[in-house]
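Okay, structure first, notes after.
The values are calculated or read from the model by the stated rules, or taken from the named source; none is laboratory data. Quantities reported herein were computed from a predicted structural model and do not represent experimental measurements. Positions of Cβ are backbone-derived with ideal geometry, glycine not excepted, and every protein chain shown enters the neighbour counts. Ligands, DNA and RNA are stripped out before the accessible areas are found, and what is left, the full protein with its side chains, is counted by its heavy atoms. Shrake-Rupley method; radii C 1.70, N 1.55, O 1.52, S 1.80 Å.
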Amino acid sequence: MAQRKSITRNNNDTQTNTHSNDHASIKTSSHPGKRIVKATLLFVLSIFISAGLLSFLGCFDFTTLAGLKQVTTIITKPPIKTHHKFPHQCDVVQNQTQPVVSEDGTKNNKLRSSHPRPATCPSYFRWIHEDLRPWKETGVTRGTLEKARRKAHFRVIILDGKVYVKKYRRAIETRDTFTLWGIVQLLQWYPGRLPDLELLFDADDRPTVRSRDYRGQQHPAPPPVFRYCSNDASLDIVFPDWSFWGWAELNIKPWAKSLVAIEEGNKMTRWEDRVAYAYWRGNPKVARTRRELLRCNVSDKEDWNTRVYINDWAIESKEGFKNSNLENQCTHRYKIYVEGWAWSVSEKYIMACDSMTLYLRPTYYDFFIRGMMPLQHYWPIRDRGKCRSLKYAVHWGNTHLDQARKIGEEGSRYIREEVNMDYVYDYMFHLMNEYAKLLKFKPEIPLGAKEITTDSMGCPAKGRWRDFMAESMVMSPSEVSPCEMPLPYSPLELREVLERKANLTRQVEVWEDQYFRNLTNGNKH
């Protein structure tokens with residue numbers, strides 16, 4: 001695991017010399033010379049005194065002359081309508097000085113989305129209500145929260161607009177660091193608008209709160225554990241994963257920057273000119289279903305219409321990640337998504353490619369996948385018999401080019417427009433607000449907790465960790481309010497959504513079964 005150590009900043013500032021007097025060259029034998037020297041000294045002194053006064057009044061940056069760094073504290077009150085830069089005590093913001101050209105041709109220093117946002121949040125926000133439903137009647141008491149302590153990597157406390165953290169155990173790589181960085185950025189995006197709260201976060205992959213352990217009125221409320229994914233048998237509360245702010249260990253850039261790069265990569269190869277096979281590249285060692293996927297690769301005996309590649313991240317790291325740039329992997333008409341140890345962060349990068357995503361039936365879900373629909377955003381693939389299922393999906397796509405392209409582009413549009421960083425922050429904002437409403441106790445800062453800020457996290461960081469923090473840092477508050485939280489599903493609405501997904505998936509399986517029956521009977525049409 002990559003280690004991140006605090007380092008003492010080197011002060012490379014140099015003192016500007018305001019005088020360069022060569023005493024040997026000053027003439028002392030003439031009175032006019034003395035008067036000139038005195039007048040010059042008085043003039044220079046008056047400049048420094050005036051500059052100092054102006055600097056004190058906030059009208060002039062005296063440190064430019066003095067060669068020192070200035071620490072500026074800006075106090076803001078909601079609602080924020082104007083832009084300003086947040087205070088910084090190191091050069092972590094230097095990477096933000098180069099503007100990014102957005103789709104409309106304008107320069108955007110914030111790496112924010114340029115897509116217009118409707119007033120109401122996307123439909124997947126409704127699942128916030130479902131994730132928090134186990135505590136709707138009882139609320140979250142101090143005792144209920146503390147039951148989650150043994151499962152947590154860290155505790156987050158928000159009080160009076162400040163973030164505090166208490167860590168309990170080490171997380172995988174730096175997942176915890178970038179998750180906390182994202183929370184700090186949220187408070188800069190919506191300063192002063194987050195409620196006081198305490199939550200406990202488990203940064204491992206698989207959910208741990210089993211719903212069967214808390215069924216019936218005789219059972220107490222389950223422990224509220226925040227994590228990156230859950231499943232139908234669990235009650236873990238789903239939260240955006242760390243990679244939205246960058247996965248430094250694998251050189252996967254922050255989502256806003258990755259999304260811009262992938263959009264450019266999409267333009268490099270027209271859809272109809274892309275390779276007419278299904279593509280997957282990744283680490284097969286982490287899960288059974290991925291190891292089984294390797295059997296679907298092309299061989300001397302069989303061509304399942306797939307092109308599967310093993311990605312060795314250790315080798316990639318040594319070679320500078322030259323073969324794993326996400327924007328260079330949008331060259332096939334079809335891309336395969338398959339889970340890893342749990343859900344996989346690769347999901348959003350795969351779906352952003354305009355290729356039709358062949359989505360192997362998942363066990364887990366993240367926060368946004370529940371808003372997607374088969375045959376609209378992706379093509380469902382069976383887990384059992386996945387090779388045959390993939391073969392048919394590619395055949396169907398190559399014989400229904402317009403429809404396959406539409407599914408690919410619609411899935412990509414969903415990712416770009418409904419899972420951009422604006423909505424990631426809005427999801428976090430609404431989830432935390434709805435969660436805070438359930439608390440039956442007053443949040444407090446426990447012994448050993450530390451306040452975290454952009455400066456405290458960004459300044460000691462180094463290498464890619466520092467770069468990704470700089471690239472994902474919120475530089476000014478949002479000019480608009482969060483999207484409006486949609487109402488919860490009614491029981492009927494929720495059942496209809498789930499049944500529609502199931503029916504569409506079954507329809508694909510019917511087509512697939514009929515296709516292979518026809519092949520067996522000698523009819524290829």
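Structural remarks
- Selection within segment 255-282: residues that are surrounded by fewer than 18 Cβ atoms within 10 Å (Cβ to Cβ) and without any contact (Cβ under 8 Å) to a residue 60 or more places away in the chain. The member of this set that is nearest to Ser317 (Cα to Cα) is Arg281.
- Total residues in segment 292-344 satisfying the condition of being touching a His at 6+ places or on another chain (Cβ under 9 Å) and within 25 Å of Gly246 (Cα to Cα): the figure is 0.
- Checking every residue in segment 360-368 against the condition of being outside any loop (DSSP other than H, G, I, E, B), under 23 Å from His430 (Cα atoms) and open to solvent by 10 Å² or more (accessible area, probe 1.4 Å) gives at least one match.
- Ser102 crowded, with 19+ Cβ neighbours inside 10 Å, touching a Ser or Thr at 6+ places or on another chain (Cβ under 9 Å) and either within 26 Å of Ile415 (Cα to Cα) or modelled with pLDDT under 95 (or both): no
- Positions within segment 458-478 being charged (D, E, K, R) and either touching a Lys or Arg at 6+ places or on another chain (Cβ under 7 Å) or open to solvent by less than 30 Å² (accessible area, probe 1.4 Å) (or both), in sequence order: Glu471
- Subset of segment 225-254 [more than 19 Å from the chain's Cα centre (by Cα) and open to solvent by 30 Å² or more (accessible area, probe 1.4 Å)]: Asp232, Ala233, Leu235
- Candidate set: segment 410-444, residues that are among the charged types (D, E, K, R) and open to solvent by less than 20 Å² (accessible area, probe 1.4 Å); chosen: the one farthest from Pro240 (Cα to Cα): Asp422
- When the criteria are applied in full, Ile407 fails the requirement of being open to solvent by 50 Å² or more (accessible area, probe 1.4 Å) and in contact (Cβ under 8 Å) with a residue 12 or more places away in the chain.
- Scanning segment 114-141 for residues that are surrounded by fewer than 14 Cβ atoms within 10 Å (Cβ to Cβ) and not small (Gly, Ala, Ser) turns up Pro116, Pro118, Thr120, Glu130, Arg133, Lys136, Glu137, Thr138.
- Conditions (1) assigned to a loop (DSSP other than H, G, I, E, B); (2) under 30 Å from Asp354 (Cα atoms); (3) open to solvent by 40 Å² or more (accessible area, probe 1.4 Å); number of the one not met by Pro482: (3)
- Summed over segment 349-359, residues that are closer than 27 Å to Met428 by Cβ and crowded, with 24+ Cβ neighbours inside 10 Å total 6.
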